[in-house]
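The values are calculated or read from the model by the stated rules, or taken from the named source; none is laboratory data. A quick note: this is a predicted structure, and the numbers were derived from the prediction, not measured. So basically every Cβ, Gly included, is an ideal-geometry build from the backbone, and we count neighbours across all protein chains shown.
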Ligand SMILES: Nc1ncnc2c1ncn2[C@@H]1O[C@H](COP(=O)(O)OP(=O)(O)OP(=O)(O)O)[C@@H](O)[C@H]1O
Ligand SMILES: [Mg+2]
């Protein structure tokens with residue numbers, strides 16, 4: 001391809017990205033077997049935004065992330081990723097829309113070393129090669145120190161960093177992170193907060209499911225609150241103060 005064609009292609013991508021959301025969910029319904037869990041969820045995330053999904057236990061936040069990845073029994077409605085409809089796609093094709101899912105259980109290969117875990121992920125993007133091992137180690141010096149340690153020997157915090165680092169290796173630009181701060185020491189939670197800030201500065205789009213409101217509050221551009229499989233509230237960071245009482249009621253904190 002000539003340079004001019006490349007430039008034209010890049011220009012087209014830029015102008016499209018100004019209007020097309022990274023993620024646009026409308027009227028999403030999801031089931032696990034006979035259990036109807038999500039009821040007409042609408043949620044939009046613009047490119048480069050950090051959006052937090054809040055809610056009590058069992059509200060449907062994990063199910064929302066799993067639905068985006070096609071990991072539920074059945075889905076109905078619309079889930080567009082960079083404008084591409086994915087509702088009928090199998091999971092591997094959804095991942096190849098440059099989506100990275102970090103599940104709550106992290107999924108580290110325990111018999112492999114840190115570095116082997118980092119060398120494993122396939123590329124999911126045609127345009128983005130993903131972070132190099134060096135970039136990953138710059139961002140997470142702890143992982144560099146533990147590069148030869150077996151997965152099982154890593155602390156909870158190190159495992160969490162590795163789980164996120166792994167999806168950064170794939171070239172994913174839309175990151176779905178499920179409760180990454182859960183159960184971790186405050187110093188590790190701070191490291192994860194710095195990581196989110198760095199990723200946002202690099203232009204990643206991030207959807208975070210969080211129970212830890214204090215972790216999410218300074219990081220997110222916008223918030224959605226779920227209850228019984230529905231979105232019951234959404235607001236921007238600037239409205240946070242005026243929404244505090246409502247949030248306390250909804251989250252029972
Ligand atoms: N595999 C499954 N089969 C049937 N029902 C499920 C399954 N997984 C979750 N559910 C149900 O779906 C509802 C939403 O669960 P989900 O895991 O999405 O909640 P959540 O908001 O992530 O909360 P938390 O992580 O705190 O449990 C709950 O009522 C839960 O019991
Ligand atoms: Mg959950």
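Laid out as a table, the results:
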read-out	value
Subset of the range 93-106 [more than 12 Å from residue 170 (Cβ to Cβ) and over 13 Å from the mean Cα position of the chain (by Cα)]	93, 94, 105
Among residues of the range 125-166, those that are part of a loop (DSSP other than H, G, I, E, B), buried (at least 20 other Cβ atoms within 10 Å of the Cβ) and at pLDDT 95 or above, counted	1
Options 55, 70, 60, 130: the member that is away from ligand 1 (no atom under 15 Å from the Cβ) and either over 30 Å from residue 215 (Cα atoms) or touching a residue at least 12 places away in the same chain (Cβ under 8 Å) (or both)	130
Evaluation of residue 107 against (1) at pLDDT 95 or above; (2) away from ligand 1 (no atom under 13 Å from the Cβ); (3) on the phi > 0 side of the Ramachandran plot (one fails), failing number	(1)
Among (1) more than 16 Å from ligand 2 (Cβ to nearest atom); (2) free of Cβ contacts under 8 Å to residues at least 60 places away in the same chain; (3) not in a strand (DSSP E or B), the one test that residue 203 misses	(2)
Selection status of residue 76, within 16 Å of ligand 2 (Cβ to nearest atom) and surrounded by fewer than 18 Cβ atoms within 10 Å (Cβ to Cβ)	no
Check on residue 176, modelled with pLDDT of 95 or more, outside any helix (DSSP H, G or I) and under 18 Å from residue 212 (Cα atoms)	yes
